[in-house]
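Asker: Structure below; questions to follow.
The values are calculated or read from the model by the stated rules, or taken from the named source; none is laboratory data. Source: prediction; values computed, not measured. A quick note on method: Cβ atoms are made from the backbone with ideal geometry, for glycine too, and the neighbour counts reach across all protein chains shown.
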Amino acid sequence: MDVSQYLEIFIDEAKEHLENLNTQIMNLEQDGENMDTINEIFRAAHSLKGMSGTMGFKRMQTLTHDMEDVFSKVRDGNIAVDTDMVDILFQCLDALEAYVANITETADEGDNDNAHLIKALGEILEKGAASEGGPSEKGEGGSDAAGGNEEAVSSGEGKHKWKQIKIGKVEQSAIEDAVKEGLNAFGISIFVQESCLLKAARAFLVFRAMEELGEVILSVPSVQDIEDERFDRDFSVIFLTDQPLEKVLDAVKNVSEIEDAVGDKVTFNEAGEEDGQGAEAGAAAKDSDAASKDKGTGAAGNTAGKNAQAGKGAGGKTEGKKAMGKPVVNRTVRVDIEKLDSLMNLVSELIISKNSLVSVAETEIGASSLAFNEQIEYLESVTTSLHESVMKVRMVPIESVVTKFPRMIRDLSKKLDKKMELYMTGEDTELDRTVVDEIGDPLMHLLRNSADHGLESAEIRAKRGKPEVGSIFLDAYQDGNNVVIEVRDDGNGIDVEAVKRKAVEKGKITQEQADAMSEKEAIDLLFQPSFSTAKQVSDISGRGVGLDVVKSKIESLSGEVEVRTKLGEGSTFTIRLPLTLAIIQTLMVIVGGEKYAISLGSIQTIENIPVSEVKTVQGKEVIYLRGNVIPLVRLTKELDVESLNAPDADLLVLIVKKGDRYAGIVVDELIGQMEIVIKNMGKFIGKSRLISGATILGNGEVALILDANALI
C-alpha cells in the first residue's frame, strides 16, 4: 500500500498531537493526579504512535510507544509524576518535533534513534515496576499481556468472521504443508474502531505488523479492496506463523484505532473441509482456482510483493518503504461545514446573477438600461459577501502558534534560574492562515527577550518590592480590521540612556544627535541590525539582538511594531496586523503617468497643500499641519519618474500614519477607492522596499501596490 498520499495528513495531525501533548504535560506538572489530563495525554501518545507506525516511521513509533508505556503506568497509579519525569517527557517531545521537521523536509524521519531518551523512559518504567513489587507484566507486543488476549479469544462466536472465508484447495494445501513444517495456521478477524477516518491506513499497519511475524495467505476482502477502502469495519485473514496466537493478536491490537482482534487455529475435518464451515467449504472447493486467483493469490501476491522474503516460512519482514516526495505543508485549513454551506449558497447566487446579466445584455434595451445597473449592484453585493465568506474560511485561531510558548517559558525559567510565569489571553483570536504561519518566530523572540533581558533577577526584584515570580503577558485581540498582539512584562524596562550611550559607542549616532533624541527615537535604535545593549550576547537573547528581523517580518505582513516602556516597571511590544492579506481596500493614485495602489488602512487624510507652505528642515521638506510637523515624501523621487504637475502647482498629499509617526506622500492625481486582490510579485522582480505586490485592474492593466510603511 502506498502511504505517500497520507503524508500531508500525517504531518498536520502529528503537529496537532504534539501541540496537545505540550499543553497537557504542562498541565500534568501542575496537577499530577488529574485523570482527565492523564487520559488525554495517553490518547494523544497512542494516536501518534499508531500514525507513525502506519507511515513506516519506526524510530518515531518506538519513542512514542515507550512514552505511551510511561503514561499508561501513570494512569494506573504505578508511577508518580515529578519534575524529572516531565523534563524527560519534554525532551521526548523535542525529539518527536525534530522527527516531524525532518519528515516535512525530506519525507524521512532520519537516523537518530534517541537511545538516551529510550533508556531514560526505560528507567522510569523500571522504577514503576519496582514500586509494584515485581517485574513489569508488559508483553512483547507493547500492551498488557494479561487480560487482552483472553478477552479476544473468548469473544463471542459472532466475531469469528474468518470462519466464513472460503478456503480453496490451493490454500488448504499451503496450510497443511506449513503445519507439517511446524508452523501455526490461524484465522483472524480484525475490527476497526467506528470513529476511524483512515481505515485503509490502519489496515495497512495491521498487515505490516503481521508480516513481521509470518505470512498472510488469504484476505477477505482482498488486499486491493482493503487498499481502496472498500470494506466496512472489519476484515479477516488466514495467517501462517511460527508465533503463538497471543503474540499475533497483541501485535494487531497494538495498532492505533483497532477495536478488537479475535482468532483461532485453522483445522480441517476428514472431508477436507475447515471445521466450522460446513457446506460453505464444500461449495468453495469447486471454485478453489477462481478463489485463489481472485482472493488468495491477490492477497498473497500483494503481501509477497511487500515482503522481502516471500517464501512459505514465517518471519518475512518489510525491507524498505516506497520513497515519498517532499510534502507540501501548511496548505490545509480545517473548515466548519456551515462556512462551506455559506460559500455554496453565495456561488449559487453568483451564477444566478451572471445569468441575469447575460439575459439583460441580450435584450434590445442593452447595457444602459436600469435593469442592467440593478444587476451590477446585485452582483457587487454577492461578490462582497463571497469575499467575506472566503476570508472567514481562511481564518484560523492563533492558538496553534501560542500553545508552545508556556513550555518555552518553563524551560527558560530553569535555564536562566529566574522564576517566571506566562499569562495568555485571546488564544481564540483569528488571523489569516498566511499570517499565522509567519507570526510564530517574531512572537517567540519577543517572549525570549522578556524572559532574558526584561525580567530582573530575584534579588533585584526583592529590592524593588516586586513579587519573586516575574510575569510575562501575551494578549491578542481584534481591533477593527486589525489584530493586535501584545507582549509585555513587569521587568526592568528599557534604559533609554543606556541605549543612547551604546549607539554613540557603536558609531550609529553622534553625541549631539543622542542629546536631541526623543525616547521614541532612542527605542527605535533597538530595531537596527546588529544593535544590542547586552554586555554579552547569550544563546537566548539580548535586547535588540534580532529585533530588526522581528520588525522586518512584521512589516512584510503589512503590520507594525510599537514599543512602550517605563524604566523599572516593564515594557510592552505591540504588534498590529491586518486581518487578511488577500483582498484589501486601497486608494488608487497616479504618479508619473502610472497607476499605483496604497492601502486605505494607513491613510489618515488627503490634503491639498500650496507649494508656499512647504518648508525645509535639515535638508528635508516638511509641512506644518494642525500642530504637527510632517515630513514630505515625493513619490516621483522615490520611483524615479517625472511629475505630471507643474512645479508651482498645489501638492496633493496623502497623510499616512505608522504608530505615532506621520508622513505626507505626494502624488500627481487621485483615481478613487478600489477593492483589489493582492498578487505576489514572485521572482520576476527582486525584493523592493517600496513595492509590496501588484494587482490586476478591471481593464486588464497591472498596478503596483505601494507599502506606505516603508516611506515613514
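Asker: For the range 247-257, check the following and say yes or no: at least one residue is in contact with a strand residue (DSSP E or B) (Cβ under 9 Å, 6 or more places away or on another chain), in contact (Cβ under 8 Å) with a residue 60 or more places away in the chain and at positive phi.
Answerer: Yes; the residues of the range 247-257 include at least one that is in contact with a strand residue (DSSP E or B) (Cβ under 9 Å, 6 or more places away or on another chain), in contact (Cβ under 8 Å) with a residue 60 or more places away in the chain and at positive phi.
Asker: Sticking with this one: All but one of (1) in the same structural domain as Lys551 (by TED's automatic domain parsing); (2) crowded, with 18+ Cβ neighbours inside 10 Å hold for Lys414; state the number of the condition that does not hold.
Answerer: Result: Lys414 fails condition (2) only.
Asker: Of all residues in the range 6-51 being without any contact (Cβ under 8 Å) to a residue 24 or more places away in the chain and not charged (D, E, K, R), which is surrounded by the fewest Cβ atoms within 10 Å (Cβ to Cβ)?
Answerer: Gln30
Asker: Among the numbered criteria (1) of a type outside the set (Val, Ile, Thr); (2) without any contact (Cβ under 8 Å) to a residue 60 or more places away in the chain; (3) touching a Ser or Thr at 6+ places or on another chain (Cβ under 8 Å); (4) not in a loop (DSSP other than H, G, I, E, B), which one does Asn78 miss?
Answerer: Of (1) of a type outside the set (Val, Ile, Thr); (2) without any contact (Cβ under 8 Å) to a residue 60 or more places away in the chain; (3) touching a Ser or Thr at 6+ places or on another chain (Cβ under 8 Å); (4) not in a loop (DSSP other than H, G, I, E, B), only one is false for Asn78: (4).
Asker: Is it true that some residue in the range 638-646 is outside any helix (DSSP H, G or I), over 30 Å from His387 (Cα atoms), at pLDDT below 85 and assigned by TED's automatic domain parsing to the domain that holds Ala597?
Answerer: Among the residues of the range 638-646, not one is outside any helix (DSSP H, G or I), over 30 Å from His387 (Cα atoms), at pLDDT below 85 and assigned by TED's automatic domain parsing to the domain that holds Ala597, which makes the answer no.
Here is a yes/no grid of residues against (1) among the polar types (S, T, N, Q); (2) part of a loop (DSSP other than H, G, I, E, B); (3) closer than 29 Å to Asp94 by Cβ:
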{"residue": "Asp411", "(1), (2), (3)": "no, no, yes"}
{"residue": "Lys415", "(1), (2), (3)": "no, no, yes"}
{"residue": "Ile439", "(1), (2), (3)": "no, no, yes"}
{"residue": "Leu447", "(1), (2), (3)": "no, no, yes"}
{"residue": "Glu456", "(1), (2), (3)": "no, yes, yes"}
{"residue": "Arg461", "(1), (2), (3)": "no, no, no"}
{"residue": "Leu474", "(1), (2), (3)": "no, no, yes"}
{"residue": "Glu497", "(1), (2), (3)": "no, no, no"}
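Asker: Is there a residue in the range 569-576 that is under 30 Å from Ile460 (Cα atoms), touching a Gly at 6+ places or on another chain (Cβ under 8 Å), among the small types (Gly, Ala, Ser) and surrounded by 13 or more Cβ atoms within 10 Å (Cβ to Cβ)? First the steps, then the outcome.
Answerer: Of the range 569-576, the ones under 30 Å from Ile460 (Cα atoms) are 569-575.
So of that shortlist, the ones also touching a Gly at 6+ places or on another chain (Cβ under 8 Å) come out as 569-571, 575.
Right, trim to among the small types (Gly, Ala, Ser) and you get 570-571.
Retained after the next criterion (residues that are surrounded by 13 or more Cβ atoms within 10 Å (Cβ to Cβ)): 570-571.
Within the range 569-576 (the criterion being under 30 Å from Ile460 (Cα atoms), touching a Gly at 6+ places or on another chain (Cβ under 8 Å), among the small types (Gly, Ala, Ser) and surrounded by 13 or more Cβ atoms within 10 Å (Cβ to Cβ)), the answer is yes, since at least one residue qualifies.
Asker: Go through the range 587-605 and report how many residues are outside any helix (DSSP H, G or I) and over 23 Å from Asp640 (Cα atoms).
Answerer: Of the residues in the range 587-605, 2 are outside any helix (DSSP H, G or I) and over 23 Å from Asp640 (Cα atoms).
Asker: Kindly evaluate Asp668 against the criterion of being in the same structural domain as Ile705 (by TED's automatic domain parsing) and either farther than 24 Å from Thr695 by Cα or loosely packed, with under 14 Cβ neighbours inside 10 Å (or both).
Answerer: No: the conditions fail for Asp668.
Asker: Within the range 438-451, does at least one residue satisfy the condition of being polar (S, T, N, Q), outside the structural domain of Gln91 (by TED's automatic domain parsing) and either crowded, with 21+ Cβ neighbours inside 10 Å or over 26 Å from Glu29 (Cα atoms) (or both)?
Answerer: Yes: one or more hits.
Asker: Only one residue in Lys466, Lys508 is surrounded by fewer than 22 Cβ atoms within 10 Å (Cβ to Cβ), at negative phi and in contact with a Phe, Trp or Tyr (Cβ under 9 Å, 6 or more places away or on another chain), so which one is that?
Answerer: Of the residues listed, the single one that is surrounded by fewer than 22 Cβ atoms within 10 Å (Cβ to Cβ), at negative phi and in contact with a Phe, Trp or Tyr (Cβ under 9 Å, 6 or more places away or on another chain) is Lys508.
Asker: Here is a follow-up. Out of Glu669, Glu675, report the one residue that is touching a strand residue (DSSP E or B) at 6+ places or on another chain (Cβ under 8 Å), at pLDDT 90 or above and not small (Gly, Ala, Ser).
Answerer: Step by step, each of Glu669, Glu675 is checked, and only Glu669 is touching a strand residue (DSSP E or B) at 6+ places or on another chain (Cβ under 8 Å), at pLDDT 90 or above and not small (Gly, Ala, Ser).
Asker: Here are the criteria: (1) among the β-branched types (Val, Ile, Thr); (2) buried (at least 18 other Cβ atoms within 10 Å of the Cβ); (3) free of Cβ contacts under 8 Å to residues at least 40 places away in the same chain. Tell me which single one Ile676 does not satisfy.
Answerer: Every listed condition holds for Ile676 apart from (3).
Asker: Among the residues of the range 461-493, what is the count of those that are over 22 Å from Leu579 (Cα atoms) and without any contact (Cβ under 8 Å) to a residue 24 or more places away in the chain?
Answerer: Number satisfying all stated conditions: 5.
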